[in-house]
Structure formats: structure tokens, C-alpha cells
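These notes are about the structure you will find just below.
Just so it is clear, none of the values below were taken in a lab; they were calculated from the coordinates. From a predicted model like this one, the values you see are computed outputs, not experimental measurements. Cβ: placed from backbone, ideal geometry, glycine included. Neighbour counts: every protein chain shown.
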């Protein structure tokens with residue numbers, strides 16, 4: 001019997017611990033949760049028949065005996081990924097020839113997000129997202145998907161939501177329950193939110209989870225969520241006191257935490273060439289660990305590296321002035337593109353974009 005624990009690195013995904021027996025996967029990402037539930041039910045049943053302490057002692061002896069024989073025979077080996085291995089996994093091409101990128105303009109088609117005068121976040125996000133899409137596709141090293149435009153969802157996603165709504169809800173519930181269990185047994189540290197964010201309406205939140213689920217099923221390497229910030233303390237017709245950009249990433253204990261931060265660092269460096277980081281005290285580091293954002297993989301849901309970029313505060317002049325806005329969004333998309341190029345070490349990153 002040769003059983004070993006390995007880190008899933010198929011299609012450059014991150015995040016699944018597997019147990020294999022004779023080359024076949026017998027224990028996947030959520031199997032620990034189910035395994036413990038099965039044991040719990042078995043113990044409850046047996047306890048009703050005979051003495052519980054004797055049963056527990058007997059099972060313990062059996063397990064120790066099996067493990068002792070396996071170790072003595074040299075058949076049992078356990079291995080787990082080191083953090084640097086997780087980061088490297090996104091760099092090394094496996095069977096895919098192109099980097100698969102999912103661009104997610106924040107909020108919903110035609111609604112949601114910050115507003116300042118006639119400037120709307122959900123429209124800015126689409127414009128910047130489409131600029132980034134053009135740059136990535138023109139390079140030829142990427143396979144690019146975008147979730148929506150200003151009018152509607154990309155049919156890939158609208159159809160996915162319609163056909164898989166109940167499955168998305170069940171998947172989200174399972175992820176939440178699994179996280180609660182792992183925290184309760186000490187296998188995962190309870191994440192602490194850095195900043196309090198507005199809660200999305202139920203259907204909006206479920207669509208966000210659906211985007212992550214689709215990303216997992218379609219082997220995305222990177223998800224880039226595009227947003228613009230706001231400060232509630234300013235008057236409706238006056239700019240607020242905060243400005244600058246910030247990048248949000250998953251909690252470090254999440255499966256995609258290390259690789260997401262590594263990509264964010266390269267994007268941060270490129271954005272800093274032209275723009276200032278946020279002067280809001282909790283965003284001054286430029287990169288913020290945020291476990292409570294669905295977009296970057298709340299409850300450990302995302303296999304892909306996931307970053308959410310707040311490109312600035314919506315009332316900043318470069319977004320409000322219609323003469324400055326297009327070139328600003330194009331330039332920001334350009335710096336984001338170069339950051340991705342730097343991370344994936346692609347040749348065209350060696351030249352600076354004018």
C-alpha cells in the first residue's frame with residue numbers, strides 16, 4: 001500500500017490536497033470534512049450497541065498497527081507543498097500553452113458600484129477591462145475571458161448562471177461549512193478582515209461565487225477584478241480626502257494566497273511607476289490581505305490567483321475629466337499588463353510601454 005499526500009498541480013491550478021492509492025485519487029479537497037462526518041456517525045451508531053471507550057481503543061490500535069506496518073515496509077510517504085512551490089506553480093507551464101486570464105469588471109451590467117456626478121464605477125471598470133483585454137490578446141501569450149460589458153453579461157456567464165444556479169449555491173455552502181470545520185479543528189486559522197466592506201445582495205454575491213466556480217472548472221490561471229474606490233465622507237458634489245490605488249489579495253492561509261500576492265507585487269511595482277498608492281491608512285501598504293472578499297476567494301474557494309485592484313477614488317480628476325479619463329484608463333491597463341508580463345516572465349515585458 002503506497003499512499004502519499006501531494007499538492008495538485010494540474011492545469012496550473014492551486015489548492016487541492018490529494019491522497020492517491022495506486023495512482024488513483026481517493027481523497028480530494030473536501031474529503032477530510034466528509035471523512036470526519038462519516039467517522040462521527042459510525043461512532044454514534046456503534047456507541048449505541050457497545051461500550052464506546054472499547055470501540056475507540058480498538059480502532060486506535062488498528063490504525064496504529066496499519067501505519068506502523070506501512071512505515072516499516074517503506075510504503076507510506078507524506079508530502080505537502082512549500083509556499084515557494086505554490087508561487088512557482090503559476091510560472092511553470094504544464095500542458096497549457098497560454099496563460100488563461102479572466103477579467104472581471106466590478107459589479108453588474110448597468111448597475112452597482114460607486115458614482116460621482118455622471119461618472120459610474122461599473123462603466124469605468126468595463127472600459128479599463130476591455131483595454132486590458134486588447135493588450136493581452138494582442139500579445140498572443142494569453143487566452144483572455146471577460147465577464148461582461150456595459151449592457152449585459154458575456155453569454156458564457158449568463159448561461160452558466162442560468163444552468164448552474166443551484167449547483168453554485170450548494171458549492172458555496174459546502175465551501176463555507178468546510179472552512180468552518182477546518183477552523184474548528186485547528187487546521188486553518190480563522191481569517192481576520194482588514195477592512196469592512198459592504199455586503200453584496202444575495203443574488204449578486206452568488207453570481208460572484210459562480211464566476212469563481214467557473215474559473216476553477218475552466219482552469220484559469222489569474223482572475224483580475226477591476227474596481228474604483230469611494231469615500232462616503234464627502235459631499236455628493238465634492239471630491240473626498242482620499243486618493244490613490246490599492247490591490248486586494250486573499251488571506252495568506254488560503255490556497256491561492258501566496259501566488260496572488262506574488263502577482264500583486266509585480267502589478268504594484270508597475271502601477272507605482274505612474275500612480276500613487278492610496279493615502280487611506282489601511283491601504284498605504286499597497287497590497288492588502290482580505291479574506292472576506294468573494295472576488296479573491298472567500299472561504300478558500302478560488303484555485304486561480306486572484307487580485308482585486310481599486311485603481312483609484314472615483315472622484316479623482318483623472319477619472320472625472322472626460323479629456324483625461326480615456327488615456328488614464330488605457331495607461332492603467334497598460335501598467336497592469338506589464339505587471340502580468342513581469343510575473344510570467346514573458347519576453348515583451350522587457351520593453352517599456354510608451
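The ellipsoid equivalent to the alpha-carbon distribution of the stretch 194-350 has semi-axes of 25, 21, 14 angstrom, derived from the gyration tensor eigenvalues as √(5λ) and listed largest first.
Placing a pseudo-label 7 Å from each Cα along the Cα-to-Cβ vector at residue 276 and residue 173 gives an inter-label distance of 4.9 nm.
If R0 equals 45 Å, the separation of the Cβ atoms of residue 58 and residue 163 corresponds to a calculated FRET efficiency of about 0.40. Here the convex hull built on the C-alpha positions of the stretch 194-242 has a volume of 133 cubic angstrom per residue. Using 1/(1 + (r/R0)^6) with R0 = 30 angstrom and r between the beta carbons of residue 181 and residue 156, what's the FRET efficiency to the nearest 0.05? About 0.35, to the nearest 0.05. Multiplying the residue separation of residue 205 and residue 97 by 0.36 nm and removing their Cα-Cα distance gives an extension gain of 35.6 nm.
Legend: P(r) of the stretch 85-350 from all alpha carbon pair distances, 10 Å bins from 0, whole percents, reading 7, 31, 38, 21, 4, 0. Estimated from the Cβ-Cβ distance and a Förster radius of 25 angstrom, the FRET efficiency linking residue 231 and residue 325 is about 0.85. Multiplying the residue separation of residue 137 and residue 239 by 0.36 nm and subtracting their alpha-carbon distance yields 33.2 nm. Working from the Cα coordinates of the stretch 152-252, the gyration tensor eigenvalues give, after taking √(5λ), semi-axes of 28, 22, 14 Å in decreasing order. Considering only Cα atoms, the convex hull volume of the stretch 263-346 works out to 107 Å³ per residue.
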